[in-house]
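Novice: Would you mind keeping the following structure in view while I ask a few things?
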Amino acid sequence: NAGVMQNPRHLVRRRGQEARLRCSPMKGHSHVYWYRQLPEEGLKFMVYLQKENIIDESGMPKERFSAEFPKEGPSILRIQQVVRGDSAAYFCASSPLQSGGRGGYTFGSGTRLTVV
Amino acid sequence: ELKVEQNPLFLSMQEGKNYTIYCNYSTTSDRLYWYRQDPGKSLESLFVLLSNGAVKQEGRLMASLDTKARLSTLHITAAVHDLSATYFCAVDSGTASKLTFGTGTRLQVTL
């Protein structure tokens, strides 16, 4: 059981470039969540997806950020025209049920995005 | 809007001592999670508390949940250096299917 796989682990982008972050949920998990963690802070919810559907994107910035979870392949968090303030760790979590259930949520290792 | 507060934010304690981290939240919820995070690493799930009065223990850590008081505690018994990390509580707002995290408690256990 490979767990939640995120890649890349580290990503450096210049201001104005695009960043693509990938997340493959645990086997058997069909619910995916993205969180952002700024230095010295807790994680903040961004978006919740199931296959081919965005369920809750209330934490996503209105511009430049988008997420998808296609029928085949990993979930993608896409940040267009990155700015320095986007520098953060982005974590993906998955669960077998809505609301985590008894097993809770399993987190990936995160992608650390640095915008230079 | 659900708010989750942890205290203390920073805790320095000697090996062998006991201490408690508190997690208060602002709206009704009966699902609370505790995670550990080492610097530069991901979150490791420690406890999942799913009902009022739930108490779980693993090694030197014990977590409890009082949904009426909207309070969870993480108790550390006879701390050891290996427990040094940041501990987060997170509350699941039920049908919303998203976690709201506390600010974290950075624990440093000194020899």
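Novice: Looking for something within 11 Å of the chain's Cα centre (by Cα), at pLDDT 95 or above, on the phi < 0 side of the Ramachandran plot and not aliphatic (A, V, I, L, M) - is there at least one such residue anywhere in segment B:51-59?
Specialist: No; the residues of segment B:51-59 include none that is within 11 Å of the chain's Cα centre (by Cα), at pLDDT 95 or above, on the phi < 0 side of the Ramachandran plot and not aliphatic (A, V, I, L, M).
Novice: Just to verify a result, which residue in segment A:96-116, among those that are in a strand (DSSP E or B) and crowded, with 22+ Cβ neighbours inside 10 Å, is farthest from the other protein chains (Cβ to nearest Cβ)? Write out each step before concluding.
Specialist: Filtering segment A:96-116 for residues in a strand (DSSP E or B) gives A:106-107, A:111-115.
With crowded, with 22+ Cβ neighbours inside 10 Å added as a condition, the list becomes A:107, A:111.
Details: A:PHE107: 4, A:THR111: 11 Å.
For segment A:96-116, the residue satisfying everything is A:THR111.
Novice: Out of curiosity, is A:ARG78 under 16 Å from the mean Cα position of the chain (by Cα), within 14 Å of chain B (Cβ to nearest Cβ), surrounded by fewer than 21 Cβ atoms within 10 Å (Cβ to Cβ) and assigned to a strand (DSSP E or B)? Break it down stepwise before answering.
Specialist: On the way: under 16 Å from the mean Cα position of the chain (by Cα): yes; within 14 Å of chain B (Cβ to nearest Cβ): no; surrounded by fewer than 21 Cβ atoms within 10 Å (Cβ to Cβ): yes; assigned to a strand (DSSP E or B): yes.
Taking the combined requirement at face value, the residue does not satisfy it.
Novice: Could you check segment B:5-23 and list, in sequence order, the residues that are surrounded by 13 or more Cβ atoms within 10 Å (Cβ to Cβ) and hydrophobic (A, V, I, L, M, F, W, C)?
Specialist: Once the filter is applied, which keeps residues that are surrounded by 13 or more Cβ atoms within 10 Å (Cβ to Cβ) and hydrophobic (A, V, I, L, M, F, W, C), segment B:5-23 yields B:LEU9, B:LEU11, B:MET13, B:ILE21, B:CYS23.
Novice: Looking at (1) more than 29 Å from B:THR105 (Cβ to Cβ); (2) modelled with pLDDT of 90 or more, which one does A:LYS51 not meet, given that it meets all the others?
Specialist: With (1) more than 29 Å from B:THR105 (Cβ to Cβ); (2) modelled with pLDDT of 90 or more applied to A:LYS51, the lone miss is (2).
Novice: Something else: Is it the case that some residue within segment A:72-92 is in contact (Cβ under 8 Å) with a residue 60 or more places away in the chain and at positive phi?
Specialist: Yes: one or more hits.
Novice: Here's a follow-up. Considering segment A:16-37 alone, what residues qualify as being touching a strand residue (DSSP E or B) at 6+ places or on another chain (Cβ under 6 Å), part of a loop (DSSP other than H, G, I, E, B) and at pLDDT 90 or above?
Specialist: Within segment A:16-37, A:PRO25, A:MET26 qualify.
Novice: For the list (1) crowded, with 18+ Cβ neighbours inside 10 Å; (2) within 11 Å of chain B (Cβ to nearest Cβ); (3) not acidic (Asp, Glu), I need the number of the one condition that A:PHE69 fails.
Specialist: (2)
Novice: I'd like to check which strands (runs of 3 or more DSSP E) are fully inside segment B:24-111 and have at least 1 residues that are at the interface with chain A (Cβ under 10 Å from one of its Cβ atoms) and crowded, with 22+ Cβ neighbours inside 10 Å.
Specialist: B:32-37, B:43-49, B:85-92, B:99-101
Novice: Here are A:LYS71, A:LYS62: which of them is in a loop (DSSP other than H, G, I, E, B), closer than 14 Å to A:VAL32 by Cα and not acidic (Asp, Glu)?
Specialist: A:LYS71
The values are calculated or read from the model by the stated rules, or taken from the named source; none is laboratory data. Only a predicted model underlies this, so the values are computations on that prediction, with no experimental measurement involved. Cβ coordinates were reconstructed from backbone atoms using ideal geometry, including for glycine residues, and neighbour counts include every protein chain displayed.
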